[in-house]
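Below is one structure, written out as structure tokens, with a few remarks after it.
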Amino acid sequence: MNKNSEYTELKYDKGTIIINGNINLPNSVYDPRIDKNRALGRSFQDIIHYLEKNNEEYIDNVSDYIKFSTQSKFNDTNVLRDYQKEALESWIANDKKGCIILPTGAGKTIIALKAILELNSSTLIIVPTLNLMEQWYESIKKILSDISLIGMLGGGYEDLKTITVTTYESAYLKSSFLGNKFKFLIFDEVHHLASEKYYLIGDHFISPYRLGLTATIEREDGRHVLLNNI
């Protein structure tokens, strides 16, 4: 890049993107505290798309994804049933975003593991309980020969790895730090994400790929409609 040319600098700051440049970008608002525009982390892909579509030069100081290097270390023998394959293909066709709603015992975890294989990207799996965190960890161990690439965050664990399993509470508390580390988010029991508290997780992360899993997406407070923007 020509140092004398005008460009836009994007910087990650506690779940938001600071925009340094004389340009109005999608979903950004003026922050008088810093005299610059700012956007939520979830707007990162829209901002990049806008800049590239308009041939605007920019510097990305936002994304700091954990390197994914497990492509040759998977040992997955699971075979998807027709309805599981259809669900995965529909998610892929939807730009690798959205929710899969299937009954308990229908193999949503297997679909999610296939999605991880599909993307080959750093992945954060968010679950509601410590028990589920450990169950997911064990499921991933079965298909990944190098367990040093799997970590857990929460319940006394502080192990951030290529594929990390955490709880909604830990993801919420650390979202401003973790928000630019993972390309792929998996929300188990995704209806929890729609709560007023945990919805912030989705806002802070820049992750372009997102998968929600649940058997019952509806909430009594009606906030499940927010999951259309997972």
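Throughout, read-outs are computed from the coordinates displayed, never taken from laboratory work. Only a predicted model underlies this, so the values are computations on that prediction, with no experimental measurement involved. When we count neighbours, we look across all protein chains shown, and the Cβ atoms used for this are built from the backbone with ideal geometry, even at glycine.
Observations on the structure shown:
- As a proxy for reagent exposure, His204, His224 were ordered by neighbouring Cβ count within 10 angstrom, fewest first; the result is His224, His204.
- In this simple spin-label model, placing a label point 7 Å from the Cα along the Cα-to-Cβ direction at both Phe177 and Leu226 gives a separation of 2.4 nm.
- DSSP finds beta bridges in the chain, and of those with both partners inside it, around 35 percent are antiparallel.
- Taking 0.36 nm per residue of separation and subtracting the current Cα-Cα distance, fully stretching the chain between Leu117 and Tyr30 would add 27.4 nm.
- Degrees separating the helix 130-143 axis from the principal Cα axis of the chain, which is the longest one: 80
- The relative contact order of the chain, computed from alpha carbon pairs under 8 Å that lie at least 6 residues apart in sequence, is 23 percent.
- Peptides 101-109, 118-126 ranked from most to least packed by the mean count of surrounding Cβ atoms within 10 Å: 118-126, 101-109.
- Residues of type lysines that Lys108 reaches as a straight line, Cα spacing below 29 Å, ignoring anything fewer than 8 places off in the same chain: Lys67, Lys73, Lys85, Lys96, Lys97, Lys141, Lys142, Lys161, Lys174, Lys181, Lys183, Lys197
- Around the Cα centre of the chain, unit charges on the Cβ atoms of Lys, Arg, Asp and Glu (plus for the first two, minus for the last two) sum to a dipole of about 260 debye.
- For the range 108-189, the percent of C-alpha pairs falling in each 5 Å distance bin, counted from 0 to the bin holding the largest distance, reads 3, 16, 31, 29, 17, 5, 0.
- Whole-Å semi-axes of the ellipsoid equivalent to the range 8-61 (Cα gyration tensor, √5λ, descending): 16, 12, 10
- Considering only Cα atoms, the convex hull volume of the chain works out to 143 Å³ per residue.
- Relative to the longest principal axis of the Cα atoms of the chain, helix 82-93 runs at roughly 0 degrees.
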